[in-house]
1. ARG53: touching a residue at least 40 places away in the same chain (Cβ under 8 Å) and either outside any loop (DSSP other than H, G, I, E, B) or of a type outside the set (Val, Ile, Thr) (or both), yes or no?
2. Would a scan of the range 147-158 turn up a residue that is modelled with pLDDT under 95, exposed (fewer than 12 other Cβ atoms within 10 Å of the Cβ), touching a Leu at 6+ places or on another chain (Cβ under 7 Å) and in a helix (DSSP H, G or I)?
3. If you take the residues in the range 26-44 that are hydroxyl-bearing (Ser, Thr, Tyr) and under 30 Å from PRO144 (Cβ atoms), which one is farthest from the chain's Cα centre (by Cα)?
4. Filtering the range 39-54 down to residues that are under 30 Å from VAL19 (Cβ atoms) and surrounded by fewer than 16 Cβ atoms within 10 Å (Cβ to Cβ), which residue is modelled with the highest pLDDT?
5. Within the bounds of the range 62-76, is there any residue that is of a type in the set (S, T, N, Q), surrounded by fewer than 17 Cβ atoms within 10 Å (Cβ to Cβ) and in a helix (DSSP H, G or I)?
6. For the range 1-50, give me each residue that is acidic (Asp, Glu) and not in a helix (DSSP H, G or I).
7. Taking the options GLY71, GLY85, GLY63, name whichever one is at pLDDT below 90, in contact with a helix residue (DSSP H, G or I) (Cβ under 7 Å, 6 or more places away or on another chain) and either small (Gly, Ala, Ser) or over 23 Å from LEU11 (Cβ atoms) (or both).
Amino acid sequence: MLSVLRFLDRLLMGAVMIVAAALLVLASCISMWQVITRFALEDPSTWSEVASRSLIIWMVYLGVAVAIRKGSLMSVEFLYEISRGTGRKLLLAAISGVSLGVLLVMVWMGWEMAHRVRFQSIAGVLDPINGQRISIAWLYAALPIGAALSVVALLTRTAELFVEPDPPAASLREAEPV
């Protein structure tokens, strides 16, 4: 079961990482366009700042899911490192439970906000295909989608940590010199 979960997780998080990286590249290019139009051409682009900010919002919320999956978020690991056996599993369950609760609230509130603003549009940005205004709900959708992906990442990481044996004891004295 865990091997299937890991396989699906690898596919999902790999795709999320690629999309987040592409959004970062695109936001950087658009920001550079904004600088060129503002300072070199002295005719600022009306859409580039909003578009860049929107892409960065999406990139961050997608990137959080990958960071949770890899265990890269900042944490205080002292209690986790000194605990063993059942105590470690209880601590892991408590941390995961609180994190899951926060993420589920983010999914719910993000969905509510995206739904609430669905008739508002993003100022200065038009759909390049049909020239229509773009709903600001697409920006707000980054929150529930990123949080839902983070829930998947959290559950996968927690499942892995529950089945792996305790790592060797680590102490502050064993840390590598800086």
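1. no
2. no
3. Per the stated criteria, the residue is SER31.
4. For the range 39-54, the residue satisfying everything is ARG53.
5. No: the range 62-76 contains no residue that is of a type in the set (S, T, N, Q), surrounded by fewer than 17 Cβ atoms within 10 Å (Cβ to Cβ) and in a helix (DSSP H, G or I).
6. Passing the criteria: GLU42, ASP43.
7. Only one candidate passes the filter, namely GLY71.
Residues are listed down the side, and each one gets a yes or a no for (1) surrounded by fewer than 17 Cβ atoms within 10 Å (Cβ to Cβ); (2) free of Cβ contacts under 8 Å to residues at least 24 places away in the same chain; (3) farther than 22 Å from SER72 by Cβ; (4) over 22 Å from the mean Cα position of the chain (by Cα):
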{"residue": "ARG84", "(1), (2), (3), (4)": "yes, no, yes, yes"}
{"residue": "SER96", "(1), (2), (3), (4)": "no, no, no, no"}
{"residue": "MET109", "(1), (2), (3), (4)": "yes, no, yes, no"}
{"residue": "GLN120", "(1), (2), (3), (4)": "yes, yes, yes, yes"}
{"residue": "ILE129", "(1), (2), (3), (4)": "yes, yes, yes, yes"}
{"residue": "ARG133", "(1), (2), (3), (4)": "yes, yes, yes, yes"}
{"residue": "ALA137", "(1), (2), (3), (4)": "no, yes, yes, no"}
{"residue": "ILE145", "(1), (2), (3), (4)": "no, no, no, no"}
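The values are calculated or read from the model by the stated rules, or taken from the named source; none is laboratory data. Keep in mind it's a predicted model, so treat the numbers as computed, not measured. Using ideal geometry, Cβ is built from the backbone for each residue, glycine included, and neighbour counts are taken over all protein chains shown.
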